[in-house]
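J.: First the structure, which I've put down as structure tokens, then a few questions once you've had a look.
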Amino acid sequence: MAFNMIDPHIAVINCEHLSVTKPYQQLKASEVLRELKSLGQAQWAKYRGVAEKIIFGSVPAEAIIYHGSLSEMASIVTAEPGGSLFLNPNDFQPDQTVRELAEKLKDRNLVLDDRLARVMGIWAKTMGLDSAAIPSSHMIREFVQVVLTDGWTIRFEDDIHTRASLAMTFAHALGSETFRFQQVIEAFIAGLERT
């Protein structure tokens, strides 16, 4: 049971990989939850599942972009200034519900500044979003959107200059092998706009 897990692992999967692209293999979590709720099931679910997919079948190693423990990821992120505000290993406790964790993260009421944009870029890099295995920059856009809306309550000043500055900081920290600097900036800004 996930409630009793100690040091859970996270996997980032390339859902555009040929081995998992058959229509019956992928369902959007948000659509599944919406359907279940319309049938009177899963009324308890506050989780929106905006960017998650449910995959039926096995996932080959070449479709996995990143796999690692939450503690390893947290240690990399928290080594950065301001990183422990964003992702702290002490936040993840056995027997804690997802709702309790979400409330803890949202209560921080973080402001997206250059320091936090850098931490987000380093986190994205840690999860493999800088690698050649990333098929398109939309994964960066979705990462930004999910971080700002599904996980944390992160406010930001919504003007073009602030967005550009945050996007450049994120892009430098990510240091993508695959995408041009401008593509990363555009994906980051698109993620901000979708919040």
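J.: Once you place label points 7 Å from the Cα toward the Cβ at ARG194 and ALA29, how far apart are they in nm?
T.: 1.4 nm
J.: Gain in length, ILE76 to ALA61, computed as 0.36 nm per residue apart minus the alpha-carbon separation, to one decimal in nm?
T.: Numbers: separation 15, 0.36 × 15 = 5.40 nm, distance 2.35 nm.
Full extension from ILE76 to ALA61 adds 3.1 nm.
J.: Starting from the amide H of ILE13, placed 1.01 Å from N in the peptide plane, find each other amide H under 5 Å away whose residue is 5 or more places distant or on another chain.
T.: Under 5 Å from the amide H of ILE13 lie the amide H atoms of ILE65, each far enough along the sequence or on another chain.
J.: Under a plain spin-label model, where a point goes 7 Å from the Cα along Cα-to-Cβ, how far apart in nm are GLU16 and THR178?
T.: 0.7 nm
J.: While we're looking at this one, here's another question. Please state the shape class of the chain: rounded when a/c is under 1.5, otherwise prolate if a/b exceeds b/c and oblate if not, all from the C-alpha gyration tensor. Walk me through the intermediate numbers first.
T.: Details: a/c = 1.41, a/b = 1.18, b/c = 1.20.
Here the chain falls in the rounded category.
J.: Taking only DSSP H segments of four or more residues, each worth -39500 (n - 2.57), what value at 222 nm results for the chain once the sum is divided by all its residues, to the nearest 500 deg cm²/dmol? Before the final figure, lay out the partial values.
T.: Working: 8 runs with 82 residues, N = 195.
The helix-only estimate for the chain comes to -12500 deg cm²/dmol at 222 nm.
J.: Next question. To check you understand DSSP bridge types, tell me what percent of the beta bridges within the stretch 2-193 (both residues inside) are antiparallel, rounded to 5.
T.: Details: 8 of 10 bridges.
Counting only bridges with both partners in the stretch 2-193, antiparallel ones make up about 80 percent.
J.: Compute the length gained on full extension between ARG115 and ALA42: take 0.36 nm times their separation in residues and subtract their Cα-Cα distance, giving the result in nm to one decimal.
T.: Numbers: separation 73, 0.36 × 73 = 26.28 nm, distance 3.78 nm.
That pair, ARG115 and ALA42, stretches by 22.5 nm at full extension.
Read-outs throughout are calculated quantities, based only on the coordinates presented, and are distinct from any laboratory measurement. Note that the structure is predicted; figures quoted are calculated from it, not measured. Every residue, glycine as well, gets a Cβ built from its backbone with ideal geometry; the counts of neighbours run over all protein chains shown.
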